[in-house]
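As structure tokens, the structure follows; a few thoughts come after it.
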Amino acid sequence: MVIVAGYILVDPETRDAYLTGCADVVDQARSAPGCLDFALSADLTDPARVNIFERWESREAVETFRGAGTGDEQNAVIRAASVAEYDIAAVRSLT
């Protein structure tokens, strides 16, 4: 399993529009083969921050979905980013 987690920073006044513009990407990811979860969300205390959480069955599934990465329009509004991939060896359910 692969977890992709972190955040991006955008101008606070554009964050809501950025997230709205990502709705199709979220839907596409959630229906992609190997996607277990995919979420982008506004941070509760930082008006510039968009939190990222993805859970995939395999690295191959991530790379197939990701393709060439974000488009030019998305890249133009991202001011900074801190996102990493984590290879998960074991999972413990908390529910």
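Here the convex hull built on the C-alpha positions of region 40-92 has a volume of 111 cubic angstrom per residue.
Once the 1.4 Å probe is applied to the protein heavy atoms, the chain comes out at 66 Å² accessible per residue.
Rounded to whole numbers, the Karplus 3J(HN,Hα) couplings from phi for region 28-43 are 5, 5, 4, 9, 6, x, x, 7, 9, 6, 7, 8, 10, 8, 6, 5 Hz, using 6.51 cos²θ - 1.76 cosθ + 1.60 with θ = phi - 60°, and x at Gly and Pro.
In a reduced charge model with +1 at each Lys and Arg Cβ and -1 at each Asp and Glu Cβ, region 1-62 shows a dipole moment near 160 debye about its Cα centre. Coupling constants for region 47-63 follow from the phi torsions by the Karplus curve (6.51 cos²θ - 1.76 cosθ + 1.60, θ = phi - 60°), and in residue order they are x, 9, 9, 10, 7, 10, 9, 9, 9, 10, 5, 7, 5, 4, 5, 4, 5 Hz; glycine and proline get x.
Computed over the chain, the percent of Cα pairs more than 14 Å apart is 68. Summing charges over neighbours of F38, with a neighbour being any other residue whose Cβ is under 13 Å away from its Cβ, gives -2 when K and R count +1 and D and E count -1.
For the chain, the carbon plus sulfur part of the accessible surface works out to 52%, probe radius 1.4 Å. A cut-off of 5 Å between modelled amide H atoms, ignoring neighbours fewer than 5 places along the same chain, links Y7 with I52, S82, V83.
The values are calculated or read from the model by the stated rules, or taken from the named source; none is laboratory data. Worth saying up front: this structure is predicted, and the values here are computed from it rather than measured. Quick reminder, even Gly has a Cβ in these numbers, built from the backbone with ideal geometry, and neighbours come from all protein chains shown. Protein only, heavy atoms only, side chains kept; ligands, DNA and RNA dropped before computing areas. Shrake-Rupley method; radii C 1.70, N 1.55, O 1.52, S 1.80 Å.
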